[in-house]
Amino acid sequence: MLSLKLSAPFIGLFSVGLLGLGLYGMGLESAPFLSTAGSTAERLQSVATDPDVPFLSSKRALGVYELDCRRLAFDQTADPIPFEDRPRLNEGCYERAKSLVEAAPGNAILWLSLARFAATDANRRDITFRALELSRAYGPWQYALASDRVQLISLLPDAPPAIKAIADADFETLAASYRGLQQLATIYLSNPDKRDRITAAVEKRPANEQRGFLGLVKRNMQ
């Protein structure tokens, strides 16, 4: 009984020490993310350059990093990112996207993020095309994904027929919603080479939706 009483303070001190070390490690890792200050670019660069953040393991830090990477991927950042900083940030987000699809191979959003960052390196075309195929397979009718896939594929002039067919399928996804028809009307006017493919997608919709599309095109022409 005496030895137990004597050891209790030491156990308490040891526990407090472990807790302190744990909180310190979490603070180092999550510092760029747990503050509301800073921009997407600043948070990404903190992770990419800070030697005290060699990896991210906390759920919150990873979640914010993933969101910032997606913003970077589709140019949705509120602040511009210097051109010279993009290769390093692209590479960091590419590695993050790879680890995410390994952990969640059925997530269409993550596959699309991987495709976008792989596309920044011409030597990763096979990875880009495969990731696009899996993104479409796991998220065929999600408007936002279809929109982003169409945008990405338009930046890949070397895309094979199978990948261009994904864009055609995504045109059909977009044609199924009013917001999608609005986007198709914009693409129809700005990209004459895509008009036949867009028309083919719209013609599969009911007559009233086809008329609505024509109305959007005429309105955008004014």
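Taken together, the values in this text are just the output of simple stated rules run on the coordinates, not laboratory data. Since this is a predicted model, take the numbers as computed values, not measurements. Cβ sites come from the backbone with ideal geometry, for glycine too, and all protein chains shown count toward neighbours.
From zero outward in steps of 5 Å, how is the percent of C-alpha pairs of the stretch 140-210 spread across the bins? Per 5 Å bin, starting at 0, the Cα pair percentages come out as 3, 18, 31, 29, 14, 4, 1, 0. Extension gain for MET221-ARG130 works out to 29.1 nm (0.36 nm per residue, less the C-alpha to C-alpha distance). Given R0 = 25 Å, the distance between the Cβ atoms of SER177 and ALA103 translates into a calculated FRET efficiency of 0.25. Extension gain, ALA162 to ARG88: 0.36 nm times the residue separation minus the Cα-Cα distance gives 23.6 nm. Using only alpha carbons, the stretch 58-216 has a radius of gyration to Kirkwood radius ratio (Rg to Rh) of 1.00.
Using the Cβ of LEU216 as centre and a radius below 12 Å, the other residues enclosed give a net charge of +3, where K and R count +1 and D and E count -1.
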